[in-house]
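A quick write-up on the structure given underneath.
The values are calculated or read from the model by the stated rules, or taken from the named source; none is laboratory data. Keep in mind that what you see is a predicted model, and the values were worked out from it rather than measured. Here the Cβ is made from the backbone with ideal geometry for all residues, glycine too, and neighbour counts use every protein chain on show.
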Amino acid sequence: MNQSLRVLMAGYEVAPFYKRGGLGDVMGALPKALRDINIDAKVVMPHYNNLTMQNEAQKVGEFSIEFDNSIHQVSVYESFFGLQHVPIYFLSNKLYLSYDNVRGKNKRIEQFVFFDLAVAYFILFLQREKKWRLDIIHCNDWHTALIPLIIGHMNLSVASLLTIHNLKYQGKGSIRILDLLHVKDEETKILKPGIAANELNVLGEGILHATRVSTVSKTYAKEITDRKIHDEIYGFISRRAQEGLPNGDGKISGILNGIDYDVWNPSSDTQIEAQYSASNWQEGKAKCKKALLQDLQMPDRPTFCFIGRMAKQKGLDILIRSLPSLVPLNINIILLGMGEPSIEAAAKRAEEKYKDSVRAIIDYNEDLAHKIYAGSDFILIPSHYEPCGLIQMIAMKYGTIPLASQTGGLADSILNGKDGLLYQANSKRAFAKSIKKALGIYGDIKRYHHIVERAMKKDFSWRKSARAYKALYLEILESQIKSEEVSK
Ligand code: ADP
C-alpha cells in the first residue's frame, strides 16, 4: 500500500476491542472498508485495562510527552483486526489512559486531552519508527477533537477531518486544561473574543481548527447547521460557516455510516437460534422469534423491540408514555438498554406495570442484542434526534422492520412505507398511530413480506460510505495544499 492515501483514525472506542455505542461499530468497520479501496488506514485508541483481546497486542515502542508540567511515558501496543489486517495501536499510560470510566467532568476531559496530545506525538512516532507519514488524521467526536489544535500548535503539517457522531457531547471543562498543554489562550478559538472565558468547549475547538468537518448523515448535517439543536455549540458551527474558508470548507459534509456485514448478518450469525437470508427468512426468523419469546416468557404475538442507550435522545419517554394506548393492542414490547438511572427506572416501572406485555432488560448485552434483532418483528426508534443510527440498518438486515422518527440518519436510511415506517419526530400521537399502521401491515401478509424482503436486501455496506470518505479526504488534501500556498 505504499503509494496510497494514509489515514490515521482516532477515537475512544473501536469494536471489537471496546464498544459502548455506534462509534465503536464505525471505528471497527470503516478502516476495513477503506483498506478495501486501497486507502492505508490505521487506527489509534487508548489502552484501557478492560480491552478485550489485549493479550494479542504487542508492545512496539514508547515515547514521552510533557503534560501538566511533568514528563509522562506512553507505551505503544500494536495489533491487527479483520481480514484486511487493519493495524490498530493502543496508547498506554497508567495514570491517564487505563480507565474507561473516569468520573468527574474535568477528569474525563483531562484524560482525552492527554490522549489527544499523545496522538500528536504518536504521529511523529509513526514517522520515525514505522516510516509512515500520514496524510490525514481523522478525528471522531469530542474525545479526539483537540488534535487539530494541538498539531497546529506543534506545527505539524497534517490535514485533519473531524467527524461529529453526536453534537450533544462536547467535552466542556475548565479553560485551565490549556495550561496542562502549554497552549496559549490566543491559539484557541473560544467564542466571545475579548471576554475572559472560563470554559473550554473541546468539540467547538475541533469544529474551528479541523481542516474539514463532517457528520454522519446529510439530514443531520442540515439540521445542525440550520437550527440550534444544541445551543452552546451552534456559535462554533455558524462561525465556521461564516469564516468563508476556501473551497466551501466551512460547510459540514454528511456521509451516512454503514454496517459491518461480517458482524451483522443473519445468514452467518452464530449467536441466533437459526440462520436465514432474504430468500428463506420466514422459517429462520420464526425459530428465532420462538426462542426469544420462550426465553423472555412472552406469548406469540407481534413483537416490537427497542435496543439502545437509555439516554434522553433515544426517545424512550415517548415510548413509555404511549404504553397505555399500545398495551391493549395485544403486542410484546422488549426494551434492551442501559444508561441514565432515571430512564432505566422508568423502563423497569413500565415492566412492573405491564407484566404481560413489556420486558425491560437493563444491561449492555451484545449476545442478547443479536437475538432480539433476529427475533422481533419491528424495532421502535422514537429518537428525538439521531445523527445516523445503526440499529435501523442492523434490524433491516435481520428482517425486522424499523418504525422510526423522521430525523437525521433515520430519514436518510428508511423509505417510508417501502422498507420501514417513518413518523413525525417528537409526536407521541404520530408514534402511536404508526404502531397501528405497522400492525395493519403485519396483518397483510403480501405487503408485510414485500417490506421485509426489501429491507433485508437494502445495501448498507460500508463500501459506498468508504468511497465518499475517500473523495472527502482528497478534497481535504487539496485545500491543505492551497492554504499552505496562501500562507507562504
Ligand atoms: P448510538 O451510537 O447513539 O449509541 P447507534 O444506533 O448508532 O446509537 O448504535 C448503537 C449500537 O450499540 C448498535 O450496534 C447497538 O446494537 C448497540 N447497543 C446499544 N445498546 C446496547 C445494549 N444495551 N446491548 C447491546 N448492544 C447495544
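Note down all Cβ pairs under 6 Å where the first residue falls in the stretch 256-282 and is under 30 Å from Lys222 (Cβ atoms), the second is among the hydroxyl-bearing types (Ser, Thr, Tyr) and within 13 Å of the ligand (Cβ to nearest atom), and they're at least six residues apart or on different chains.
Listed pairs, sorted by first residue: Leu256/Ser217.
Counting just the residues of the stretch 383-397 that are out of contact with any Asp or Glu (no Cβ under 8 Å at 6 or more places or on another chain) and over 17 Å from Asn426 (Cα atoms), which one comes out farthest from the ligand (Cβ to nearest atom)?
Taking the candidates together, the pick is Lys397.
Within the stretch 147-157, which residues are part of a helix (DSSP H, G or I) and over 17 Å from Ile109 (Cβ atoms)? Step through it out loud before you land on a result.
Of the stretch 147-157, the ones part of a helix (DSSP H, G or I) are 147-153.
Once the filter is applied, which keeps residues that are part of a helix (DSSP H, G or I) and over 17 Å from Ile109 (Cβ atoms), the stretch 147-157 yields Ile151, Gly152, His153.
Being polar (S, T, N, Q), touching a strand residue (DSSP E or B) at 6+ places or on another chain (Cβ under 8 Å) and in a strand (DSSP E or B), is that true of even one residue in the stretch 42-60?
Kept after step one, since they are polar (S, T, N, Q), are these residues of the stretch 42-60: 49-50, 52, 54-55, 58.
Keeping just the survivors that are touching a strand residue (DSSP E or B) at 6+ places or on another chain (Cβ under 8 Å) gives 50, 52, 54, 58.
Those still in the list that are in a strand (DSSP E or B) too: 58.
Taking every residue of the stretch 42-60 in turn, at least one turns out to be polar (S, T, N, Q), touching a strand residue (DSSP E or B) at 6+ places or on another chain (Cβ under 8 Å) and in a strand (DSSP E or B).
If Gln3 passes every condition in (1) more than 16 Å from the ligand (Cβ to nearest atom); (2) assigned to a helix (DSSP H, G or I); (3) modelled with pLDDT under 95 but one, which one does it miss?
All conditions pass for Gln3, except number (2).
Can you work out which of the residues in the stretch 158-182 that are part of a loop (DSSP other than H, G, I, E, B) and farther than 22 Å from Glu223 by Cα is nearest to the ligand (Cβ to nearest atom)? Spell out how you get there, then give the answer.
Quick first cut of the stretch 158-182, residues part of a loop (DSSP other than H, G, I, E, B) only: 158, 165-171, 175-176, 182.
Now drop any that are not farther than 22 Å from Glu223 by Cα, which leaves 158, 175-176, 182.
Values: Val158: 27, Ile175: 29, Arg176: 30, His182: 34 Å.
Within the stretch 158-182, the match that is nearest to the ligand (Cβ to nearest atom) is Val158.
List every residue pair whose Cβ atoms sit under 9 Å apart, with the two residues 6 or more apart in sequence or on different chains, where the first one lies in the stretch 291-320 and is free of Cβ contacts under 8 Å to residues at least 12 places away in the same chain and the second, anywhere, is polar (S, T, N, Q).
The qualifying pairs are Asp300/Asn332.
Filter the stretch 349-366 down to the residues that are assigned to a helix (DSSP H, G or I), away from the ligand (no atom under 11 Å from the Cβ) and charged (D, E, K, R) and list them by number.
Pass one, the stretch 349-366, residues assigned to a helix (DSSP H, G or I): 349-353, 366.
Checking the rest, the ones that are also away from the ligand (no atom under 11 Å from the Cβ) come to 349-353.
Selection gives Arg349, Glu351, Glu352, Lys353.
Return only the number of the condition from (1) in a helix (DSSP H, G or I); (2) in contact (Cβ under 8 Å) with a residue 60 or more places away in the chain; (3) farther than 20 Å from Gly254 by Cα that Gly399 does not satisfy.
Only one criterion in (1) in a helix (DSSP H, G or I); (2) in contact (Cβ under 8 Å) with a residue 60 or more places away in the chain; (3) farther than 20 Å from Gly254 by Cα is unmet by Gly399, namely (1).
Is it the case, given these coordinates, that His209 is closer than 23 Å to Glu66 by Cβ and touching a Phe, Trp or Tyr at 6+ places or on another chain (Cβ under 9 Å)?
No.
From the list Val86, Val74, Val102, which one is of a type in the set (Val, Ile, Thr) and closer than 22 Å to Pro31 by Cα? It would help to see each step written out before you state the result.
Values: Val74 fails: closer than 22 Å to Pro31 by Cα; Val102 fails: closer than 22 Å to Pro31 by Cα.
So the residue among Val86, Val74, Val102 that is of a type in the set (Val, Ile, Thr) and closer than 22 Å to Pro31 by Cα is Val86.
Residues are listed down the side, and each one gets a yes or a no for (1) farther than 21 Å from Leu421 by Cα; (2) assigned to a helix (DSSP H, G or I); (3) within 16 Å of the ligand (Cβ to nearest atom); (4) modelled with pLDDT of 95 or more:
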{"residue": "Ser277", "(1), (2), (3), (4)": "yes, no, no, yes"}
{"residue": "Leu293", "(1), (2), (3), (4)": "yes, yes, no, yes"}
{"residue": "Pro299", "(1), (2), (3), (4)": "yes, no, no, yes"}
{"residue": "Leu319", "(1), (2), (3), (4)": "no, yes, yes, yes"}
{"residue": "Leu323", "(1), (2), (3), (4)": "no, yes, no, yes"}
{"residue": "Leu335", "(1), (2), (3), (4)": "no, no, yes, yes"}
{"residue": "Ala347", "(1), (2), (3), (4)": "yes, yes, yes, yes"}
{"residue": "Leu368", "(1), (2), (3), (4)": "yes, yes, yes, yes"}
{"residue": "Ile372", "(1), (2), (3), (4)": "no, yes, yes, yes"}
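Looking at the structure I just gave you, is Ala286 away from the ligand (no atom under 15 Å from the Cβ), of a type outside the set (D, E, K, R) and free of Cβ contacts under 8 Å to residues at least 12 places away in the same chain? Talk me through it step by step, then tell me what you get.
On the way: away from the ligand (no atom under 15 Å from the Cβ): yes; of a type outside the set (D, E, K, R): yes; free of Cβ contacts under 8 Å to residues at least 12 places away in the same chain: yes.
So Ala286 passes the test.
If we keep just the residues of the stretch 301-317 that are assigned to a loop (DSSP other than H, G, I, E, B) and of a type in the set (D, E, K, R), which is surrounded by the most Cβ atoms within 10 Å (Cβ to Cβ)? Spell out the reasoning first.
So the first thing to find is which residues in the stretch 301-317 are assigned to a loop (DSSP other than H, G, I, E, B), and the list is 301-302, 308-309, 311, 315.
Remaining after also requiring of a type in the set (D, E, K, R): 301, 309.
On the way: Arg301: 13, Arg309: 17.
Among those residues, the one meeting the criterion is Arg309.
Would a scan of the stretch 65-81 turn up a residue that is surrounded by fewer than 21 Cβ atoms within 10 Å (Cβ to Cβ) and touching a Lys or Arg at 6+ places or on another chain (Cβ under 7 Å)? Give the steps one after another, and end with the answer.
The initial filter retains those residues of the stretch 65-81 that are surrounded by fewer than 21 Cβ atoms within 10 Å (Cβ to Cβ), namely 65-73, 75, 77-81.
Imposing the further condition that a residue be touching a Lys or Arg at 6+ places or on another chain (Cβ under 7 Å) reduces the set to 75, 77.
Scanning the stretch 65-81, I find at least one residue that is surrounded by fewer than 21 Cβ atoms within 10 Å (Cβ to Cβ) and touching a Lys or Arg at 6+ places or on another chain (Cβ under 7 Å), so the answer is yes.
Can Lys428 be described as surrounded by fewer than 18 Cβ atoms within 10 Å (Cβ to Cβ), more than 13 Å from the ligand (Cβ to nearest atom) and closer than 20 Å to Asn332 by Cβ? Give the steps one after another, and end with the answer.
On the way: surrounded by fewer than 18 Cβ atoms within 10 Å (Cβ to Cβ): yes; more than 13 Å from the ligand (Cβ to nearest atom): yes; closer than 20 Å to Asn332 by Cβ: no.
So Lys428 does not fit the description; no.
Scan the stretch 337-363 for residues that are under 23 Å from the mean Cα position of the chain (by Cα), within 30 Å of Lys287 (Cβ to Cβ) and exposed (fewer than 15 other Cβ atoms within 10 Å of the Cβ) and jot them down.
Result: Asp363, single match.
Determine if the stretch 77-91 includes at least one residue that is of a type in the set (D, E, K, R), farther than 26 Å from Ala471 by Cα and not in a strand (DSSP E or B).
Filtering the stretch 77-91 down to residues of a type in the set (D, E, K, R) leaves 78.
With farther than 26 Å from Ala471 by Cα added as a condition, the list becomes 78.
Right, trim to not in a strand (DSSP E or B) and you get none.
Scanning the stretch 77-91 turns up no residue that is of a type in the set (D, E, K, R), farther than 26 Å from Ala471 by Cα and not in a strand (DSSP E or B).
Of all the residues that make up the stretch 101-120, how many are in contact with a strand residue (DSSP E or B) (Cβ under 7 Å, 6 or more places away or on another chain) and either surrounded by fewer than 21 Cβ atoms within 10 Å (Cβ to Cβ) or of a type in the set (A, V, I, L, M) (or both)? Can you show your working first?
Initially, the stretch 101-120 is screened for residues in contact with a strand residue (DSSP E or B) (Cβ under 7 Å, 6 or more places away or on another chain), giving 105-106, 109, 114-115, 117-119.
Cutting the leftovers down to either surrounded by fewer than 21 Cβ atoms within 10 Å (Cβ to Cβ) or of a type in the set (A, V, I, L, M) (or both) gives us 105-106, 109, 117-119.
The qualifying residues number 6.
Okay, residues lined up against (1) touching a residue at least 12 places away in the same chain (Cβ under 8 Å); (2) within 16 Å of the ligand (Cβ to nearest atom):
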position: Glu13; (1), (2): yes, yes
position: Leu23; (1), (2): yes, yes
position: Val60; (1), (2): yes, no
position: Ile65; (1), (2): yes, no
position: His72; (1), (2): yes, no
position: Glu78; (1), (2): yes, no
position: Val86; (1), (2): yes, no
position: Phe90; (1), (2): yes, no
position: Lys94; (1), (2): no, no
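Just the residues that are without any contact (Cβ under 8 Å) to a residue 60 or more places away in the chain and touching a Lys or Arg at 6+ places or on another chain (Cβ under 7 Å), please, taken from the stretch 101-152.
Once the filter is applied, which keeps residues that are without any contact (Cβ under 8 Å) to a residue 60 or more places away in the chain and touching a Lys or Arg at 6+ places or on another chain (Cβ under 7 Å), the stretch 101-152 yields Val102, Gln127.
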